[in-house]
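All remarks here apply to the structure that follows.
The values are calculated or read from the model by the stated rules, or taken from the named source; none is laboratory data. Because the structure is a prediction, the values reported are computed rather than measured. In this analysis, Cβ positions are derived from the backbone assuming ideal geometry, glycine residues included, and neighbour counts consider all displayed protein chains.
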């Protein structure tokens with residue numbers, strides 16, 4: 001589980017093709033967090049498991065790439081299959097029992113890939129208009145939570161086929177969303193509480209489109 005508070009901006013340093021899919025090598029660029037093999041890390045919002053080093057007792061050295069095996073299913077359902085060497089990625093370690101929940105509860109399970117429709121820089125804030133897959137719209141509510149490429153955000157506006165989020169300077173500086181451009185594809189994870197409510201209503205045969 002994660003909170004959507006990105007702690008480090010990494011860079012893709014290496015990509016290897018494997019029988020299972022791809023092995024990503026991420027340069028964490030001096031991240032003070034020293035994860036061990038088997039630990040979960042959110043990469044652009046996707047929960048991945050560190051595969052190196054092979055000794056689970058040895059933490060990853062600061063000069064090593066963090067390596068993750070990404071299977072074909074994940075590559076097909078997220079933007080991780082589109083990454084190239086040199087691309088920046090958002091990194092967040094999994095929460096613990098003592099972690100401050102500064103964002104919202106994020107599972108690291110991507111619901112779909114959205115497309116940035118517009119970037120509005122007018123006024124004092126920067127807004128992204130994102131067009132999600134149509135089936136996700138019922139889970140996106142005004143002032144609700146959503147994770148975009150692993151970043152915990154509040155939904156500022158909801159339209160018929162889009163939603164908007166406002167980005168504060170810290171988000172612009174410390175995450176990949178500061179580089180977002182129209183046409184860019186982003187990983188989306190909707191609020192699991194909303195999903196649970198919609199699922200329950202469906203089981204009660206309530207029309208959730210009303």
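Spot the failing condition for residue 86; the list is (1) modelled with pLDDT of 90 or more; (2) surrounded by 15 or more Cβ atoms within 10 Å (Cβ to Cβ), and only one is missed.
All conditions pass for residue 86, except number (2).
Would you be able to tell me the number of residues in segment 181-210 that are surrounded by 13 or more Cβ atoms within 10 Å (Cβ to Cβ) and at pLDDT 95 or above?
7
Keeping to segment 85-104, report how many residues are assigned to a loop (DSSP other than H, G, I, E, B) and either in contact with a helix residue (DSSP H, G or I) (Cβ under 6 Å, 6 or more places away or on another chain) or farther than 20 Å from residue 6 by Cβ (or both).
2
Take the residues in segment 37-63 that are at pLDDT 95 or above and assigned to a loop (DSSP other than H, G, I, E, B), then tell me which one is surrounded by the most Cβ atoms within 10 Å (Cβ to Cβ).
Step by step, filter segment 37-63, then rank; the result is 45.
For residue 135, which of the numbered conditions (1) closer than 25 Å to residue 77 by Cβ; (2) under 17 Å from the mean Cα position of the chain (by Cα); (3) without any contact (Cβ under 8 Å) to a residue 24 or more places away in the chain; (4) not in a strand (DSSP E or B) fails to hold?
Result: residue 135 fails condition (2) only.
Restricting to segment 8-31, name every residue that is surrounded by 14 or more Cβ atoms within 10 Å (Cβ to Cβ) and in a loop (DSSP other than H, G, I, E, B). Walk me through it before giving the result.
If we filter segment 8-31 for residues that are surrounded by 14 or more Cβ atoms within 10 Å (Cβ to Cβ), which is where we start, we get 8-13, 15, 21-28, 31.
Answer for segment 8-31, where residues must be surrounded by 14 or more Cβ atoms within 10 Å (Cβ to Cβ) and in a loop (DSSP other than H, G, I, E, B): 28, 31.
For the condition farther than 22 Å from residue 10 by Cβ and either buried (at least 16 other Cβ atoms within 10 Å of the Cβ) or outside the structural domain of residue 189 (by TED's automatic domain parsing) (or both), what is the one hit in 150, 144, 103, 108?
Details: 150 fails: farther than 22 Å from residue 10 by Cβ; 103 fails: farther than 22 Å from residue 10 by Cβ; 108 fails: farther than 22 Å from residue 10 by Cβ.
It is 144.
Could you check segment 165-177 and list, in sequence order, the residues that are in contact (Cβ under 8 Å) with a residue 40 or more places away in the chain and surrounded by fewer than 19 Cβ atoms within 10 Å (Cβ to Cβ)?
166, 168, 172, 174
Answer yes or no as to whether residue 94 is exposed (fewer than 12 other Cβ atoms within 10 Å of the Cβ) and touching a residue at least 40 places away in the same chain (Cβ under 8 Å).
For residue 94, the condition - exposed (fewer than 12 other Cβ atoms within 10 Å of the Cβ) and touching a residue at least 40 places away in the same chain (Cβ under 8 Å) - is not met.
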